[in-house]
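Written below as structure tokens is the structure these notes are about.
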Amino acid sequence: MFATSRLRCRRGGDRPHALWDFNLTVGEGEIVCLVGESGSGKSLAANAVMRLLPEPHVRVSQGAINLDGQDLLSLSETEMRSIRGDRMAMIFQEPMTALNPQKTVGWQIDEVLRLHTNLNKAGRKARALEILGDVHIPAPASTYNAYPHQISGGQRQRVMIAMALVLKPRLIIADEPTTALDVTTQKQILKLIKDLQQAQGTGILFITHDFGVVAEIADRIAVLRLGELVEQGPAAQILRSPQHSYTRKLIAAVPALTPPPEKPASSEPLVLEARGLRKTFAARGGFLSGKRNPVIAVKDLSFQLRRGETLGVVGESGSGKTTVSRIVTRLLESDSGEVRIDGRDLISASKTELRALRKDIQMVFQDPMASLNPRRRVVELIAQGPIVQGVAKDVAHARARELLSLVELPPAAAERYPHEFSGGQRQRIGIARALAMEPRVIVADEPVSALDVSVQAQVLKLLADLRDRLHLSLLFVTHDLRVAAQLCDKVIVMSKGEIVEAGPTARVFANPEHPYTRSLLDSIPGRDWEPPVCNVA
Amino acid sequence: MSLLVPPLLTYTVRRMVQAIPIIILIMIGSFLLIKLAPGDTVDALVGDMGGADPAFVARLRAEYGLDQSVFVQLWRYMLKLVQLDFGWSYVYEQPVIEVLMSRLGNTLLLMVSSLVVAFTFGVALGAIAARRAYSWTDNMISTLGLVFYAMPSFFLSLLLILIFSVKLGWLPVGGIRTIGAFKTGWADVADVARHLVMPTAALSLIYLAFYMRLMRTSVLEVMDLDFVRTARAKGAGGARLMFHHVMRNALLPVVTLLGLQFSTVLGGSVVVETIFSLPGIGQLAYTSVVKRDLNTLMGIIALSSIIVVIVNVLTDLIYAWLDPRIELK
């Protein structure tokens, strides 16, 4: 039904051809997953197919795109416009920014119908309400009149899907449609896409970086690396026995869902202990201005962390897990409770005491680019903390260089600036910076969420390695249960500011007690798929 | 309260109430600032008369209450102001409120027409420039904007007068109506409009350049956003994409600037009204400063602050209308 042949795209920059001999077919009612890491050209391929490339900077230089026997590249822009939204539709990654914030949901679905059909106003509205019902939006009539910011992320993605499906297109291109969503929502959306696609016989080109999602949804898989397809074939075959070394490497990097075996109760000393932590974001406003309700971010949180242990804090967005990482490090003042590091309380510490205590508890942040000052050299970034603590400058710099080799970066890295590194390397710098203080505890807030799987695996391995070698304790905040399973000895599961379940990872994963934990575990994409053990050459 | 008051109304009323202390502070500050300047009404009057004997000057001061300490004068003035009494203008021999009201219309007309011209053309040209970014059209528009922006309004006014009144004789040099013509109805409207062409042009071009630059940047930014790509993926294009998806979103920063600049335009009108001898608030402000007509000057300041407050509230209302994410609370 749909095919591209020898499609090549040109653009300036790192490599002259962003896409090279791209041959891909999507049959009727088939879901083809296009998998690749960032920079592989997968989004570019999607835009090329829709002819939405930012021409003339990036353009198709040769090849053909066929939809039902019609060559799309030979069409005029006006003809192409009548096909977009009608016979081909697209679903994007970020449902918040992909909808026009100034128009109601109804208006935006209505626009597709207005552009491509002759239905009258009442007919269009009826159709829009019907499709909103089809994507299981509760109360379609009221959502029809809502603005995008008034509905949740999952619902916004449903609206995007409704918009794409309303004219029953032949082909849908879904560009990472579930990446920005929580796991439980992701599961629902994947199921929705699959159900509707089967009912309508639509072909889907599903772009993703997540092999879990692939295992969940794909009929066929195509693996893209640096603009070239390295392997394609039926899903079952590639997931079970990948042929190309790159595919093997990708699959090997997917964290297995088998947590480490439960360790016997540790007799190591207690390093970090939190008791009765609470944080409420106060109501704002008052006299002569608008009021906002108080938000309880964390209520009554307690946990213990022993030396050499890793405690995972898992939960979905809004569960309060990031707030936990901030109050434990006292980057955010908690309302009550205490955090003891080796018996000394961080929460009630005075300013000078706090400065000394901070040395023992360091953070690694999610976004390695945003958390490194772009105008300072790496060696300065790493040495800054010790210098503030009173270490002589040359000693601190020498130590910073040692740390770079510890996090497996070349010595030359010291004199460079953060923007000269890749995401994974930047996260290594972030880790080196935390280690420079010789902390007892490292609090890592989603440290690998912004990284590609293969890089993610390396950084996780490094963290585990360092933990064991330096007898560190890790408080590891993540939304990704696969990552938690791989690294954490114990986990606490949070929902709406409360701990719903806590215990050794192996026990929690094997025998979840709380219904929320169970639904989280059930939602992990591709949980029935056990990545094969591959030899990564 | 279970009273059914529309939120828009409560919001507007609340904003107005919030503005009262601000206006009072402005009035106190201005009063003290003016008092810091040497010379008063009596000095100016006596200067106009060519001198008078000290006894007469002292009697005049006592009559106007200028012999009291500054704070007593301030207290007296504020007391009257609270009763909405702007006092008496000793220069015009009329209540200040009457002097103001007779001129307010002209100034508002000039300001509104200038801003409408600046906004409409600025937004349109900015959008066109962005649509054809880095092309010949864009360069033309951007260069023109730079020229407008760099030209001071007094210079532009004189240039316009030289070309259109002195050389070509198309437009009147100044004033708001043809003196002694006593036109009525549409003829009068047309006459006023003819008199306003040059002042409006002189006042609006700088702001036009502002809005144009801002709109161009803003449109370029919005065109890169995800929802514009979504709209294109839906098959929207051309004018539809531009008006419904790009321009309305791109207008937000321009509207913010519009509200902020209203007060600047009020200041700019002093120069333009003086050059074109338009009987408006700006010209009145200028003469009041020269004649040390304190009451009139304070009246102008009060009126201007009220106008600015109203415009700011209006801007917020327009903003909320344009952007549904903003809730008026």
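Scanning region A:102-112 for any residue that is closer than 30 Å to A:P234 by Cα and free of Cβ contacts under 8 Å to residues at least 40 places away in the same chain turns up nothing. Only residues that are of a type in the set (G, A, S), touching an Asp or Glu at 6+ places or on another chain (Cβ under 7 Å) and within 14 Å of chain B (Cβ to nearest Cβ) were counted in region A:52-98, giving 1. For region A:494-526, a residue qualifies if it is touching a Phe, Trp or Tyr at 6+ places or on another chain (Cβ under 9 Å), under 22 Å from A:E216 (Cβ atoms) and not in a helix (DSSP H, G or I), and the qualifying residues are A:P525, A:G526.
Scanning region B:219-248 for residues that are within 24 Å of B:L146 (Cα to Cα) and surrounded by fewer than 23 Cβ atoms within 10 Å (Cβ to Cβ) gives B:L220, B:E221, B:V222, B:M223, B:M247. Listed conditions (1) within 11 Å of another protein chain (Cβ to nearest Cβ); (2) part of a loop (DSSP other than H, G, I, E, B); (3) surrounded by 21 or more Cβ atoms within 10 Å (Cβ to Cβ); (4) not aromatic (F, W, Y) are all met by A:P177, apart from (1). Condition first: among the small types (G, A, S), buried (at least 17 other Cβ atoms within 10 Å of the Cβ) and in contact with a helix residue (DSSP H, G or I) (Cβ under 8 Å, 6 or more places away or on another chain). Now tell me which residues in region A:1-57 satisfy that. Residues satisfying the conditions are A:A18, A:G36.
The residues in region A:120-160 that are away from chain B (no Cβ under 14 Å), more than 28 Å from the chain's Cα centre (by Cα) and outside any helix (DSSP H, G or I) can be counted, and the count is 2. Consider region A:99-119 and keep the residues that are in a helix (DSSP H, G or I) and among the hydrophobic types (A, V, I, L, M, F, W, C). The one that is farthest from A:I189 (Cα to Cα) is A:L115. Applying the criterion of at least 1 residues that are more than 14 Å from chain A (Cβ to nearest Cβ) and hydrophobic (A, V, I, L, M, F, W, C) to the helices (runs of 4 or more DSSP H) found wholly in region B:218-329 leaves B:248-275, B:281-290, B:294-322. Taking the criterion of being surrounded by fewer than 17 Cβ atoms within 10 Å (Cβ to Cβ) and at pLDDT below 90, the only residue of region A:202-235 that qualifies is A:E228. Quick check on region A:164-171. Is at least one of its residues under 30 Å from A:S38 (Cα atoms), in a helix (DSSP H, G or I) and within 14 Å of chain B (Cβ to nearest Cβ)? Taking every residue of region A:164-171 in turn, at least one turns out to be under 30 Å from A:S38 (Cα atoms), in a helix (DSSP H, G or I) and within 14 Å of chain B (Cβ to nearest Cβ).
The residue list A:A236, A:A256, A:A252 contains one member that is part of a helix (DSSP H, G or I) and touching a residue at least 40 places away in the same chain (Cβ under 8 Å), which is A:A252. Is it true that B:A124 is out of contact with any Pro (no Cβ under 7 Å at 6 or more places or on another chain) and surrounded by fewer than 18 Cβ atoms within 10 Å (Cβ to Cβ)? Against the criterion (out of contact with any Pro (no Cβ under 7 Å at 6 or more places or on another chain) and surrounded by fewer than 18 Cβ atoms within 10 Å (Cβ to Cβ)), B:A124 qualifies.
Only one of the numbered conditions (1) over 24 Å from the mean Cα position of the chain (by Cα); (2) more than 23 Å from A:R127 (Cβ to Cβ) is violated by A:A199, and that is (2).
Tell me yes or no: at least one residue of region B:186-198 is assigned to a loop (DSSP other than H, G, I, E, B), more than 20 Å from B:A118 (Cβ to Cβ) and hydrophobic (A, V, I, L, M, F, W, C). Taking every residue of region B:186-198 in turn, none turns out to be assigned to a loop (DSSP other than H, G, I, E, B), more than 20 Å from B:A118 (Cβ to Cβ) and hydrophobic (A, V, I, L, M, F, W, C).
Considering only residues that are hydrophobic (A, V, I, L, M, F, W, C), part of a helix (DSSP H, G or I) and closer than 15 Å to B:F31 by Cβ, which ones fall in region B:65-105? Those that are hydrophobic (A, V, I, L, M, F, W, C), part of a helix (DSSP H, G or I) and closer than 15 Å to B:F31 by Cβ: B:V70, B:F71, B:V72, B:L74, B:W75, B:M78, B:L79, B:L81, B:V82, B:V96.
If you filter region A:99-119 down to residues that are β-branched (V, I, T) and more than 7 Å from every other protein chain (Cβ to nearest Cβ), you find that the one that is farthest from the chain's Cα centre (by Cα) is A:T117. The set of residues in region A:68-84 being modelled with pLDDT under 90 and surrounded by 15 or more Cβ atoms within 10 Å (Cβ to Cβ) consists of A:L72, A:L73, A:L75.
Could you please let me know if A:E446 is over 17 Å from A:I251 (Cα atoms), charged (D, E, K, R) and in contact (Cβ under 8 Å) with a residue 40 or more places away in the chain? Yes; evaluated as a whole, the condition is true for this residue.
The values are calculated or read from the model by the stated rules, or taken from the named source; none is laboratory data. Since the structure is predicted, the reported quantities are computational estimates derived from the model, not experimental observations. Heads up, the Cβs are rebuilt from the backbone with ideal geometry, glycines too, and the neighbour counts pull from every protein chain shown.
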